[in-house]
């Protein structure tokens, strides 16, 4: 068990790491970096909840951003969708034929730490209408989007410059939209409780030790086996967190998302019998409502499905797949979510962020920059200017 809301089974083959990870974790918590402060209840968001009341009467919202500026918010919206009665749409890529929203009244949330993200600038230019109401989340500096916000007389919420996009989900970047969704932003803030929980910290350390050993065994593909339709964007958030934080100096992990059971019919054969440089994370959520099979349309040779619902079948597939992995000695860990709410998601965000930072420390990688990506931005700028 990881927490009261999350059942966690670590990799079934584990060798103790020679690195003193407990010491690294204690040092990290004691250091209380600005990144970790943003995870805690003590962090002061750069927005006033009372000032958001004027926006809560609206039903339609559109978030425009890229990468860490939007993935965490998408994860929140999808994972907790049954608690939300607002409609949110997300624009997180360039589409040559991007169409304007037909809704008459819409609130745009434009999010970019630098205020210079080219895709966000282009999408804002094409999609924002004169009558739209807009909120910009960006750094407090002279930038294209800050100037645009001033021109549109829009509200501006300042993105703290010490928080990188992929670590920003529990700051104003994710918590302001969460408030507009009608969620309780303070419930996401579980960091203060988790760092006092010895079981959680021990599970975290054992998990990182296992991943380090797998890396030393040249297993570099971290494959997410997801059995929850509403966690797809949580997986995408995790994918960016790991890839962009650890992929440096010819090191790192390649996170790959596989959504089940669809991928049983495409890549599972490769996972089981192909090259063996992979390790796996199983992810399942309990408790959702599910359609029950119609027994009147079941033929006799499928009687074992009688009275089953879709979730029971999904869970059976997960357990069956794990059993095959055990028999083949394929390394995997497993998360089973017992309750779908803000606290659970906050715990998951904290676990994966801490895991990534400690892995970076252990591999002598700075998990907070992305120098290679900056090169592409510079080269794109040269091409557009030529």
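The values are calculated or read from the model by the stated rules, or taken from the named source; none is laboratory data. Everything numeric here is computed off the predicted structure, so don't read it as measured data. Note that each Cβ is placed from the backbone with ideal geometry, even for glycine, and that neighbours are counted across all protein chains shown.
Somewhere in the range 241-263, is a residue exposed (fewer than 13 other Cβ atoms within 10 Å of the Cβ) and touching a residue at least 40 places away in the same chain (Cβ under 8 Å)? Give the steps one after another, and end with the answer.
To start, the set of residues in the range 241-263 that are exposed (fewer than 13 other Cβ atoms within 10 Å of the Cβ) comprises 249-250, 262.
Filter once more, so that each one left must be touching a residue at least 40 places away in the same chain (Cβ under 8 Å): 249.
Scanning the range 241-263 turns up at least one residue that is exposed (fewer than 13 other Cβ atoms within 10 Å of the Cβ) and touching a residue at least 40 places away in the same chain (Cβ under 8 Å).
Where residues in the range 287-331 are assigned to a loop (DSSP other than H, G, I, E, B), touching a residue at least 12 places away in the same chain (Cβ under 8 Å) and out of contact with any helix residue (DSSP H, G or I) (no Cβ under 8 Å at 6 or more places or on another chain), which of them is farthest from residue 10 (Cα to Cα)?
Per the stated criteria, the residue is 308.
If the requirement is being under 30 Å from residue 278 (Cα atoms) and touching a helix residue (DSSP H, G or I) at 6+ places or on another chain (Cβ under 7 Å), which of these qualifies: 200, 162, 136?
Going through 200, 162, 136 in turn, the sole match is 200.
Restricting attention to strands (runs of 3 or more DSSP E) lying wholly within the range 32-119, give those where 2 or more residues are surrounded by fewer than 19 Cβ atoms within 10 Å (Cβ to Cβ).
Strands (runs of 3 or more DSSP E) meeting the threshold: 87-91.
Given the condition assigned to a strand (DSSP E or B) and within 13 Å of the chain's Cα centre (by Cα), answer yes or no: does some residue in the range 228-244 qualify?
No, every residue in the range 228-244 fails to be assigned to a strand (DSSP E or B) and within 13 Å of the chain's Cα centre (by Cα).
Quick check on my filter: what residues within the range 160-175 are out of contact with any strand residue (DSSP E or B) (no Cβ under 8 Å at 6 or more places or on another chain), assigned to a helix (DSSP H, G or I) and either farther than 22 Å from residue 340 by Cβ or modelled with pLDDT under 95 (or both)?
Scanning the range 160-175 gives 165, 166, 167.
Is it the case that some residue within the range 329-348 is in the same structural domain as residue 221 (by TED's automatic domain parsing), more than 21 Å from the chain's Cα centre (by Cα) and surrounded by 12 or more Cβ atoms within 10 Å (Cβ to Cβ)?
Scanning the range 329-348 turns up at least one residue that is in the same structural domain as residue 221 (by TED's automatic domain parsing), more than 21 Å from the chain's Cα centre (by Cα) and surrounded by 12 or more Cβ atoms within 10 Å (Cβ to Cβ).
Mind checking which pairs have a first residue in the range 67-91 that is at positive phi and outside the structural domain of residue 244 (by TED's automatic domain parsing) and a second that is surrounded by 24 or more Cβ atoms within 10 Å (Cβ to Cβ) and not in a helix (DSSP H, G or I), Cβ under 9 Å, 6 or more apart or different chains?
Sorted first by the residue in the range 67-91, then by its partner, the pairs are 67/117.
Look at residue 178 and say whether it is more than 16 Å from the chain's Cα centre (by Cα), crowded, with 19+ Cβ neighbours inside 10 Å and part of a helix (DSSP H, G or I).
No, not satisfied.
Can residue 314 be described as closer than 23 Å to residue 81 by Cα and either more than 20 Å from the chain's Cα centre (by Cα) or modelled with pLDDT under 95 (or both)?
yes
Filter the range 278-301 for residues that are modelled with pLDDT under 95 and surrounded by 11 or more Cβ atoms within 10 Å (Cβ to Cβ); which is nearest to the chain's Cα centre (by Cα)? Spell out how you get there, then give the answer.
Applying the first criterion (modelled with pLDDT under 95) to the range 278-301 yields 287-301.
Subsequent filtering for residues that are surrounded by 11 or more Cβ atoms within 10 Å (Cβ to Cβ) retains 288, 290, 292-293, 295, 298.
Details: 288: 20, 290: 24, 292: 30, 293: 32, 295: 38, 298: 39 Å.
Ranking the candidates gives 288 first.
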